[in-house]
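*Asks:* This is the structure I have questions about; it appears just below.
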Amino acid sequence: MTKIESYPARQLQRRRNAWMRRNTKMVVLLVVGTLVLGAFVSVLLLTIPMPVRLYLLGLTHAGIIAVGLHLLNSAFLAHDQQAVWQMRGAWGEDNTRSELQRAKRKRHIWGWVDSLELQAGDIDHIVVTRRGGVVMIDSKWRNQVTSEDVPAMADSARRAALRAEGVLRTLLKRESGARHRTRTQPVSVTAAVVVWGAARTAVPSDANVDGVRFLDGRQLLDWLAQLDGHEVPRDAANDVLKLLTDYRSAVVTTAK
């Protein structure tokens, strides 16, 4: 499965690139300072005999580069508060993707598609399960959750599930008309919110808000394993996953 960066990761990269363009002088000074420090350390290590010198050169140069990159990233995050939210969003989606990989290896799901970007908003993950139909997962990274956050997350997940249903109906209808193979049937998508970060441990094991299932990220695998509803045949699952993957690729290509 081709990996496409999550929407928060793409936004984070765009913001980082824009910040570096606005702060070119700072970036250049940091790069030059790193190079000068590396050269100075290399001169100091000339007195050390081989092959220890090569080992120390590699170690110190790697350390200096790591420190330089860390300083650059810290400066970026300190100047762009929105970047922190995008970074946390990327962490959440990456963690969910790892759990979905485990679920596929254990044969709980057929597969999934990440980061479907639409005009009305992005969809984090559309998962085709084996015995639970189609699930839309909204990944969240939260250190704390207020009473206002829960209804807002549930409403956002419901709207994302409706968007997923709309996309699937459109793609299946188009496929049915073009190839006379895929039968157009009513599509229902289950909405779930997977919480990561410190707040995940506060999610009850049976949390359900207005039809939206809330899950501690570490519960996702077990929840997918326990689904026992609409069984999805392999051929149908493969068709849906291919349609979604092709659609996402077309959207990404158009955006470029």
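The values are calculated or read from the model by the stated rules, or taken from the named source; none is laboratory data. Quick caveat, the model's predicted, so the values are computed rather than measured. Counting neighbours? That spans all protein chains shown, and the Cβs are built from the backbone with ideal geometry, glycine included.
*Asks:* Would you kindly identify the helices (runs of 4 or more DSSP H) lying entirely within the stretch 1-115 that contain at least 3 residues that are under 21 Å from ASP138 (Cβ atoms)?
*Replies:* Result: 7-22, 81-105.
*Asks:* Do you know which residues across the stretch 92-121 are hydrophobic (A, V, I, L, M, F, W, C), surrounded by fewer than 17 Cβ atoms within 10 Å (Cβ to Cβ) and over 15 Å from TYR247 (Cα atoms)?
*Replies:* ALA120
*Asks:* From the residues in the stretch 197-240 that are free of Cβ contacts under 8 Å to residues at least 60 places away in the same chain and part of a strand (DSSP E or B), which one is farthest from ARG159 (Cα to Cα)?
*Replies:* Only one residue tops the list, namely ASP216.
*Asks:* In the stretch 131-148, what residues are surrounded by 14 or more Cβ atoms within 10 Å (Cβ to Cβ) and under 21 Å from GLY217 (Cβ atoms)?
*Replies:* GLY132, VAL134, VAL135, MET136, ILE137, ASP138, SER139, LYS140, TRP141, ARG142, VAL145 - these are the residues of the stretch 131-148 that are surrounded by 14 or more Cβ atoms within 10 Å (Cβ to Cβ) and under 21 Å from GLY217 (Cβ atoms).
*Asks:* Okay, moving on. Do we find that ASP124 is out of contact with any Phe, Trp or Tyr (no Cβ under 9 Å at 6 or more places or on another chain), buried (at least 18 other Cβ atoms within 10 Å of the Cβ) and part of a strand (DSSP E or B) in this structure?
*Replies:* Answer is no for this residue.
*Asks:* Filtering the stretch 83-97 down to residues that are closer than 17 Å to ASN73 by Cβ and small (Gly, Ala, Ser), which residue is modelled with the highest pLDDT?
*Replies:* ALA90
*Asks:* Identify the residue in the stretch 1-29 that is touching a helix residue (DSSP H, G or I) at 6+ places or on another chain (Cβ under 6 Å) and not charged (D, E, K, R) and, among all such residues, is modelled with the lowest pLDDT.
*Replies:* That would be SER6.
*Asks:* Inside the stretch 191-225, can you point out the residues that are at positive phi and under 18 Å from the mean Cα position of the chain (by Cα)?
*Replies:* Hit for the stretch 191-225 is GLY197, nothing else.
*Asks:* Surrounded by fewer than 20 Cβ atoms within 10 Å (Cβ to Cβ), at pLDDT 90 or above, in the same structural domain as ASN95 (by TED's automatic domain parsing) and touching a helix residue (DSSP H, G or I) at 6+ places or on another chain (Cβ under 9 Å) - does that describe any residue in the stretch 172-181?
*Replies:* Scanning the stretch 172-181, I find no residue that is surrounded by fewer than 20 Cβ atoms within 10 Å (Cβ to Cβ), at pLDDT 90 or above, in the same structural domain as ASN95 (by TED's automatic domain parsing) and touching a helix residue (DSSP H, G or I) at 6+ places or on another chain (Cβ under 9 Å), so the answer is no.
*Asks:* Can you name the residue in the stretch 1-52 that is among the aromatic types (Phe, Trp, Tyr) and closer than 30 Å to SER249 by Cβ and, of all such residues, is surrounded by the fewest Cβ atoms within 10 Å (Cβ to Cβ)?
*Replies:* Only one residue fits best here, namely TRP19.
*Asks:* Hey, another quick one. When you scan the stretch 149-168, how many residues do you find that are buried (at least 24 other Cβ atoms within 10 Å of the Cβ) and over 18 Å from HIS230 (Cα atoms)?
*Replies:* Residues meeting the conditions: 2.
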